[in-house]
Amino acid sequence: MTAENDSAQSQSPDTRLDITCYISYGQSDGGYYSKQLTIGLESVGIRVLVPEEQISAGSQWVNSLQDMINRADVFIWVGTPGALASDFIESEVTYFRDQGRPVIPIIFKNVTNVNTMPRSLLDITLLAEEGSAIQDGPSSDIFDLLVQEIKQKYQEGYQGRLKAGTERSSQKRPLNEGKLILVGRGEVGKTSLVRRLAENDFDADESKTHGIRITNWLLPRGGDKIRLNIWDFGGQEIMHATHQFFMTERSLYLLVLNGREGGEDVDAEYWLKHIQSFGGESPVIVVQNKITQHPFDLNYRDLRSRYPQIRGFVKTDCKDQTGLTELHTLIEDVVDDMPEMKIQFPEDWFRVKEQLEAMQAEHLSFREFVNLCVQEGITDEKDRDALAYALHCLGIALNYRGDLRLRDTSILKPEWVTQGIYAILNSKKLAAQQGELALKELQEILPTTRYPSHTHLFLLELMRKFSLCFPFRDPADRYLIPELLGKEEPEAVATFQPEHCLNFEYHYGVIPEGLLPRFIVRTYPLSYGQPRWRSGVILTHEGCSALVKANMIERRVMIRVRDGDADLRRNLLAIIRYDFDVIHAEFKDRLDVQAKVPLAEFPTLLLDYNKLVALEQIGAQESPEFTGQELINVHVSELLNDIDFEAQRGDAVETLSRAKPLFFSYSHKDEGLRDELESNLKLLQRQGVISTRHDRKIESGDEWKTQIDSRLEQATIILLLISADFIDSDYCWKIEMKRALERHKAKEAVVIPVMLRHCDWKGAPFAELQGLPTGMEPVTSWSDRDAAWTDVATGIRKIAEELPPSPFGTL
C-alpha cells in the first residue's frame, strides 16, 4: 500500500460525501443570495447546480434543466417574491417532490408571503432568514442549519426510500449487507482476487470470467458479519456496454489494473471515468495486481486530486499474497464508513429476501413478488416498492418495476439476465450476421430450458432499454445489435470531404464504451438502408447526408453533413447534436466532453464552441485565430449561425419554459412508426418548441389498463397515432383517447390525430379534429416517407408556436 492511503483514511467522512444540490430561485430578486449560497456550499464540499452556471452554451436544449434537476440529491428553494410569482419554479418544486426527493425551502421574514407558497412546501420544515438577507446574503446561523439539513437529507437519500417500510415495524435488525464490484480489463486477475478475498485460495489456471460471476463474502466486523455480494465483471470489450445494467451507486468498487501491456495509465483513466458515470461518488480502491510479475506505478497524487472518491492504492499479487492483508484492511475501513450497509431492515423484509435468495426459479413475475410479500404480511404498495428498490441496490434481485415494457417480469436473479444477454452478445452466429437478429433465432442461441420463448422478448426489451439493440422497420421481429457490427468502415466515408461539409466535433477525456452503438440505436430511423459499422454510421434526412464517426485513439467524434441547402444541413446537425446531448446527459455531469467547430477552409483548426458563444454574448464580432501559418479573423455570429440556431444560444430557462409538453398515444404495434416520428421531431425539441417523453408500452388486457399516464395529464399537445391497431386497443381507445378528448374539450390541451396506416376512422370521436398529415393521408401511403413526416412536423410546429407558454416544458 502506498503512502497516499494515509491521507485518504485521515479525511473525515463528510469530505467524501457526494452531495449535489439544485438551487431554484427567482431571476429577478434571488440571484445575489443564491450566488453567495453557492459559494458557501461549495467551500464546504457540497456541489451546487444552478441553471445559469451549469447549462453550457452548447447544451441549451429543452431537457437540460430537467436533467440537471434529476442529478440533484437535494432541492433548495429560495423563497423570494420573484420565486413566488413564477409558475415555472413552482412546477420545478412539484416535479422534484413527486419523485420523493427532499426539498429545503428558505423563506425571508416579512418578505415571503407564506400564503402564496407552493402547496407542496407547506408540510415540511422551513428555514427562515431575515428579510435583509436577500441583499446581504446567507446568515451564518441559517447557513449552518442548511448544511446540517443537507447532510441529513443526503444520508437519508438511500434510506428515505425504505423509511416508510422500516418505520412501521418494531422488529428490526441491521441489514449488514452490501455490494462490492470489481472492474478492469480482461485477464488482470479479478477472479483470482475474489478467490483470495473470499476463500483465501489461489488457482494459477483460473479461467477468465465470461459475463459476470457473483460471490458472497462474509466480512467479520465488530462481533457481526457483513455480507458483501462480490460482482466480478468479465473484462472483454464487448461486455463493457452492459455494465450500466448493474453498476450502482452506494457500492464499493475495486478497480483492478496490471502492468503487463504498459497501458495502466490509460486503463486507470478509462475505468475511473466509467465508475464515475454509473457509480457516482461510490468509494473506489485501486488495486495494482500481479505486481510481482509486472511492477508498475501510477501518478497517485494526480489521480486522487481528480477522483476524490479513491480511498487508496494497494499493490497485490495473488500468487504470493503480496498486499492481500493491506487490501483486506482497507476494505474493512471503507465498509465501516458506509452506513447504508447497516440500515435497519424489518423482519418481514428479511423473510422475503431470504425466500428470493433460496428460489430455484431464476425469474418471477411482479405479481408473484407481490403475492410473496402479502404472504409475509407486507400489504402496503409503498412498502413493497421500497423493498424491491432495496433488493435491486443490493444486487440480490433486479427490479424493472418502473419500466412498463419490463413490468411483468420485474424481479429476477441477476445471473439469469446477465448470462442471457452475454450469450446473445457473444453469439458467433450473430457476429457472422453483423449483429442482425431475428427473434426466432434466440431459440438457437439461448438454452430453451432456462430461457423459454416467452422470455425472449423481455430480454430484447431490456437490451432496448439500455440502447443495446433496436428493431428494424421491416420485417417484423428483426433487430440490430450495433455492438456486433463489423469494424471496417465503408468506402462512402471518403465522399464526406470537410471542405464540402458542415462540420462539428466532440472531444472526450475518455470516450465511453458503446458511445457510437448507443447513438446508432437512438438514430436508427435515419439510417435505414445506409452503412453502419462499429464506430460510425451514415444518416439521411430531407435530402441531406451525415457522417458520424468515432476515433477511439484520438478520443473524438466527427460529424460531417453534406448535400441539401444550408438550412437543411443545419437541421440535420441539430438533430444529431440533440441525440448526443441526451447521451451525454445519461452520464450525468461526469463526462469530460468539449464541442469543437472545425473551419471548412482550415479543417485542422478547431474552435471551441462554448468560447464562440461566450464571445457572441459579450458582443465580440470577430475572434483572431492562428491557422499554423497565418492569423485570421473569424466572424463569430456568422460561424455560429452556420451550425446552430440563434434561439438555442439564449437563456436555457426561457427555452425550457417555452417548450410544450407533448404526449404520444399509440399502439405498441406501431412503435417503429412512433420512433420515426420522434426522430423527425428532434429538431423541434432542440429548438425548445416541444418536449417529449414516451417510456410506456401498454397492451390491452394488462393489469394496469385502468391507469392514466401522468404525462398525458401534463401534456399540452397530445398526438393520437391512428391505425387499425390503435382503434383495436382498449387502452388507447377507452382510456387514453377518452381522457385526451376530455382535456381537449376543456381547452387544457390540443389533440392532433396523426394518420399512420389506412383504417376505417370515419365517425370516430376524433373525426372532427384537424389531423395530420395534410388531408389525413396515411404516412405509410406516401411515396416519400421523409416528406410525410416533414408535413407532420410542420403542422405540430405551427400549433405549438400558437399555444401559450407551458409552466414547465418537460414531462
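The values are calculated or read from the model by the stated rules, or taken from the named source; none is laboratory data. This is a predicted model, so every value here is computed, not measured. All Cβ positions, glycine included, derive from the backbone under ideal geometry; neighbour counts span all protein chains shown. These accessible areas exclude ligands, DNA and RNA; they are computed on the full protein's heavy atoms, side chains included. Shrake-Rupley method; radii C 1.70, N 1.55, O 1.52, S 1.80 Å.
Considering only region 360-381, how many residues are in a loop (DSSP other than H, G, I, E, B), over 24 Å from K172 (Cβ atoms), open to solvent by 30 Å² or more (accessible area, probe 1.4 Å) and not charged (D, E, K, R)? Number of matching residues: 2. Tell me, yes or no, whether region 311-333 has at least one residue that is farther than 25 Å from D73 by Cα, assigned to a loop (DSSP other than H, G, I, E, B) and without any contact (Cβ under 8 Å) to a residue 12 or more places away in the chain. So far as region 311-333 goes, no, none of its residues is farther than 25 Å from D73 by Cα, assigned to a loop (DSSP other than H, G, I, E, B) and without any contact (Cβ under 8 Å) to a residue 12 or more places away in the chain. Please verify whether region 452-468 includes one or more residues that are open to solvent by 20 Å² or more (accessible area, probe 1.4 Å), among the hydroxyl-bearing types (S, T, Y), more than 30 Å from S545 (Cα to Cα) and without any contact (Cβ under 8 Å) to a residue 24 or more places away in the chain. Yes, region 452-468 has at least one match. Scanning region 772-786 for residues that are touching a residue at least 24 places away in the same chain (Cβ under 8 Å) and acidic (D, E) returns a single hit, D786. Checked against the criterion of being crowded, with 21+ Cβ neighbours inside 10 Å, under 30 Å from V561 (Cα atoms) and modelled with pLDDT under 90, the candidates P482, P471, P475 yield just one match: P482. Would a scan of region 495-504 turn up a residue that is within 27 Å of G672 (Cβ to Cβ) and modelled with pLDDT of 90 or more? Checked region 495-504: no residue is within 27 Å of G672 (Cβ to Cβ) and modelled with pLDDT of 90 or more.
If you check I752, I722, I796 for being open to solvent by less than 40 Å² (accessible area, probe 1.4 Å) and under 30 Å from V93 (Cβ atoms), only one passes: I796.
Here region 640-650 is the region considered, the condition is being touching a Leu at 6+ places or on another chain (Cβ under 8 Å) and surrounded by fewer than 18 Cβ atoms within 10 Å (Cβ to Cβ), and the residue that is nearest to G688 (Cα to Cα) is E646. Counting only strands (runs of 3 or more DSSP E) that sit wholly inside region 409-518, those with at least 2 residues that are of a type in the set (F, W, Y) are 502-508. When you check E354 against the structure, is it exposed (fewer than 13 other Cβ atoms within 10 Å of the Cβ), charged (D, E, K, R) and more than 29 Å from the chain's Cα centre (by Cα), yes or no? Against the criterion (exposed (fewer than 13 other Cβ atoms within 10 Å of the Cβ), charged (D, E, K, R) and more than 29 Å from the chain's Cα centre (by Cα)), E354 qualifies. Just one of the listed residues (S91, S24) is over 18 Å from L127 (Cβ atoms) and at pLDDT 60 or above, namely S91. For region 410-425, residues that are crowded, with 21+ Cβ neighbours inside 10 Å and modelled with pLDDT of 75 or more total 6.
The rows are residues; the columns are (1) assigned to a helix (DSSP H, G or I); (2) at pLDDT 80 or above; (3) surrounded by fewer than 23 Cβ atoms within 10 Å (Cβ to Cβ); (4) touching a His at 6+ places or on another chain (Cβ under 8 Å).
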{"position": "S657", "(1), (2), (3), (4)": "yes, no, yes, no"}
{"position": "F664", "(1), (2), (3), (4)": "no, yes, no, yes"}
{"position": "E671", "(1), (2), (3), (4)": "yes, yes, yes, no"}
{"position": "R674", "(1), (2), (3), (4)": "yes, yes, yes, yes"}
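In region 217-235, the condition of being within 28 Å of the chain's Cα centre (by Cα), surrounded by 18 or more Cβ atoms within 10 Å (Cβ to Cβ), modelled with pLDDT under 80 and assigned to a strand (DSSP E or B) is met by at least one residue.
Can you tell me which residue within region 96-124, out of those that are closer than 22 Å to T38 by Cα and out of contact with any strand residue (DSSP E or B) (no Cβ under 8 Å at 6 or more places or on another chain), is modelled with the lowest pLDDT?
Looking at residues that are closer than 22 Å to T38 by Cα and out of contact with any strand residue (DSSP E or B) (no Cβ under 8 Å at 6 or more places or on another chain), I get T112.
Determine, yes or no, whether E678 is among the acidic types (D, E), surrounded by fewer than 22 Cβ atoms within 10 Å (Cβ to Cβ), modelled with pLDDT of 80 or more and more than 22 Å from F580 (Cα to Cα).
Answer is no for this residue.
A quick yes/no check of all residues on (1) closer than 13 Å to Y506 by Cα; (2) surrounded by fewer than 24 Cβ atoms within 10 Å (Cβ to Cβ):
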residue	(1), (2)
W533	no, yes
G536	no, yes
H541	no, no
S545	no, yes
E554	yes, yes
D563	no, yes
L572	no, no
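Restricting attention to region 277-306, the residues that are polar (S, T, N, Q), open to solvent by 20 Å² or more (accessible area, probe 1.4 Å) and not in a helix (DSSP H, G or I) total 3.
Residues checked against (1) free of Cβ contacts under 8 Å to residues at least 24 places away in the same chain; (2) among the aromatic types (F, W, Y); (3) within 16 Å of L684 (Cβ to Cβ); (4) assigned to a loop (DSSP other than H, G, I, E, B):
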position: C732; (1), (2), (3), (4): no, no, no, no
position: I735; (1), (2), (3), (4): no, no, no, no
position: P765; (1), (2), (3), (4): no, no, no, yes
position: Q770; (1), (2), (3), (4): yes, no, no, yes
position: V792; (1), (2), (3), (4): no, no, yes, no
position: G795; (1), (2), (3), (4): no, no, yes, no
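What are the residues in region 251-276 that are out of contact with any Asp or Glu (no Cβ under 6 Å at 6 or more places or on another chain), modelled with pLDDT of 80 or more and not in a helix (DSSP H, G or I), if any? Matches in region 251-276: S251, L252, Y253, L254, L255, V256, N258, G259.
Among the residues making up region 277-306, a single one is modelled with pLDDT of 85 or more, closer than 20 Å to V510 by Cβ and within 21 Å of the chain's Cα centre (by Cα): S282.
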